[in-house]
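A short write-up of the structure that comes next.
Values quoted throughout were computed directly from the atomic coordinates according to the rules given, and no laboratory measurement underlies them. All figures in this text were calculated on a predicted structure; none of them were measured in a lab. Heads up, the Cβs are rebuilt from the backbone with ideal geometry, glycines too, and the neighbour counts pull from every protein chain shown.
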Amino acid sequence: MNEKNTLLFIINEFLTLKLESEKTHIYVAGQKFQQCSFLLIDIPVEDISSFDEIESIDAAAERLDHSLHPRIGQNQFVYEIPAKVEFWGHCSNLQVWAENGYNSKLLHMNLAFPLLRELARVGDPQANKIFKEEIIKRYNSGIDIVRKYLRRMDFLNYLSVKEFVSLIESEKERDALNQLRKMFPILEEPVIPVEKGGRNPLKLKIDIKNGKLSKLNLGGVRMKEVPRCLLKFSSLEDLNLSSYHLKKLPRWIGQLENLKMLKITKTRLKDLPDEVGNLQNLTRLNAQANQLEKLPDSIGKLKSLKILELSKNNIKLLPPSIGNLYNLEFLDLNENEITTFPLSFENLKNLKNLKLQKNRLINLPSSLAKLRNLRSLNLVHNKIKNLPEYIGDLYNLELLAMSHNPLVKIDKSIYDLPNLKDFWLLDVPIEEGLVEKSNFLSQWARIHY
């Protein structure tokens with residue numbers, strides 16, 4: 001300690017910590033790197049046993065929170081840690097990190113990776129040796145929050161395409177991917193020319209988790225049929241097959257049983273194969289802007305489905321089996337030919353957002369009255385003349401859009417919706433002022449004429 005009350009702790013020739021003005025700062029090669037934020041994670045005694053399997057600081061932080069980090073708007077015990085005690089805590093953490101070869105599991109990702117990158121930049125031989133290794137290791141097998149962080153903060157840019165693809169452990173999967181790369185060179189064509197700084201976009205088109213291909217984006221490629229080699233990707237979770245030239249989905253698509261997200265937009269598809277119903281893990285199906293005229297009955301087997309996007313198709317009727325989608329929360333049917341709904345529609349108890357803009361609805365189906373969790377209902381550009389009494393049963397409704405309808409009657413039960421915030425009535429025959437804001441039970445209600 002010197003006369004200015006500055007504490008100094010040297011970890012190695014590249015890494016130093018200083019306590020300055022009651023704050024701990026990290027120095028790399030003599031240059032201030034950043035201030036340390038919070039120190040500890042508060043683990044309740046009763047929860048200690050549940051942390052036996054925690055594999056990193058990030059996993060622990062994800063399970064709890066930044067327990068000693070101030071939480072705005074929440075009651076929290078404020079820990080008074082003397083600056084010197086906190087300084088020595090940081091020193092201990094970084095000392096252990098250095099002694100363990102800069103193992104990124106021992107520090108929070110927000111510090112571990114930027115600090116490791118800076119140490120590598122200034123010439124620390126150990127950092128240079130393991131920087132890419134740590135990115136590869138944590139991205140391939142780390143928890144999702146770490147994987148998202150590494151991608152969001154562009155740490156994957158430090159890996160070549162060859163290094164990234166090498167994360168795939170199965171030779172069959174690597175061969176299948178290389179087959180796709182030869183079939184569709186566009187997968188590796190930079191949007192910006194290489195001479196102007198453009199990069200191979202393949203790392204954005206695919207994703208790898210636990211040594212297996214988990215995401216594949218073939219959107220925009222010229223394909224008339226889906227390559228069968230996709231069956232080699234047994235752990236595929238996210239698949240984009242959006243191609244204008246695609247006219248048919250293969251029946252074997254149902255064998256990709258680990259799919260969670262399937263996107264097939266802007267194609268020439270007129271129907272979906274029954275085997276789509278075998279995708280039991282699917283949580284999101286985006287089939288917008290196709291030429292679909294109907295849905296298969298098997299759609300009702302997708303019990304995990306939460307988001308179903310079917311706008312800009314030619315669908316006239318929904319199959320009764322759609323009522324089996326008990327977990328559905330978002331349904332987009334904008335710009336179709338729908339005139340009515342099956343009675344089973346009332347079983348969609350978890351539906352929160354329903355989009356029916358630009359259809360051929362004349363009446364509001366009574367089955368909608370049972371959708372008590374509905375937050376947003378868009379009925380713009382239909383042929384609806386009356387809002388019936390049961391509109392008042394949708395007590396969680398926050399947005400009701402009725403613009404561009406020949407609406408002449410609105411039942412007074414509309415005033416009883418306690419959570420209504422926006423009621424859209426643009427270009428309707430009802431005179432402005434006929435619906436009075438002061439009559440609404442909801443104090444937040446706004447009427448848009």
Checklist entry - Any idea what angle helix 125-141 forms with the longest principal axis of the chain, computed on alpha-carbon atoms, 0 to 90 degrees, nearest 10? => result 30 degrees
Next on the checklist: To the nearest 20 Debye, how big is the dipole of the chain about its Cα centre, given +1 on the beta carbon of each Lys and Arg and -1 on that of each Asp and Glu?
Outcome noted: 1920 debye
Item to check | Spatial separation of Cα centroids for segment 111-175 and segment 345-368, in angstrom | outcome: 47 Å
Checklist outcome for this item: Yeah, segment 210-311 with a ≥ b ≥ c from its alpha-carbon gyration tensor (a/c under 1.5 is rounded, else prolate when a/b outruns b/c, oblate otherwise) is oblate
Checklist outcome for this item: When the chain is treated as a Gaussian network with springs between alpha carbons less than 10 Å apart, the largest mean-square fluctuation among ALA83, ALA98, ALA369 is found at ALA83
Next on the checklist: Just to be sure I understand: of the beta bridges DSSP finds with both ends in the chain, what percent are antiparallel, rounded to 5?
Outcome noted: 35 percent
Next on the checklist: Please compute the contact order of the chain in relative form: average sequence separation of alpha-carbon pairs under 8 Å and at least six residues apart, divided by the residue count, as a percent.
Outcome noted: 5 percent
Checklist entry - Lys/Arg Cβ at +1, Asp/Glu Cβ at -1, dipole of the chain taken about the Cα centre: which of LEU400, PHE345, MET223 is farthest positive-ward? => result MET223
Checklist entry - When the Cα centres of segment 374-449 and segment 202-235 are compared, how far apart do they sit, in Å? => result 45 Å
Item to check | Inter-part distance where segment 320-339 and segment 15-34 are each reduced to a Cα centre, Å | outcome: 57 Å
Checklist entry - Mind checking which lysines have their C-alpha under 21 Å from LYS266, skipping anything on the same chain fewer than 8 residues away? => result LYS205, LYS215, LYS224, LYS247, LYS248, LYS294, LYS312, LYS316, LYS355, LYS358
Item to check | Degrees, to the nearest 10: 83-99 long Cα axis against longest axis of the chain | outcome: 90 degrees
Next on the checklist: What does the C-alpha gyration tensor say about the overall shape of the chain? Classify as rounded when a/c is under 1.5, otherwise prolate if a/b is larger than b/c, or oblate.
Outcome noted: oblate
Item to check | In segment 397-437, GluC sites (Glu not before Pro) in a DSSP loop with at most 16 other beta-carbon atoms within 10 Å | outcome: GLU431, GLU432, GLU436
Checklist entry - Are there trypsin sites (Lys or Arg not before Pro) in segment 300-365 that DSSP marks as loop and that have at most 15 other Cβ atoms within 10 Å, and which are they? => result LYS303, LYS316, LYS349, ARG360
Item to check | Computed helical MRE - 222 nm, the chain, DSSP H runs ≥ 4 contributing -39500 (n - 2.57), nearest 500 | outcome: -5500 deg cm²/dmol
Next on the checklist: Straight-line reach only, C-alpha to C-alpha below 23 angstrom: list the lysines that LYS84 could link to, leaving out same-chain residues fewer than 8 apart.
Outcome noted: LYS4, LYS18, LYS23, LYS32
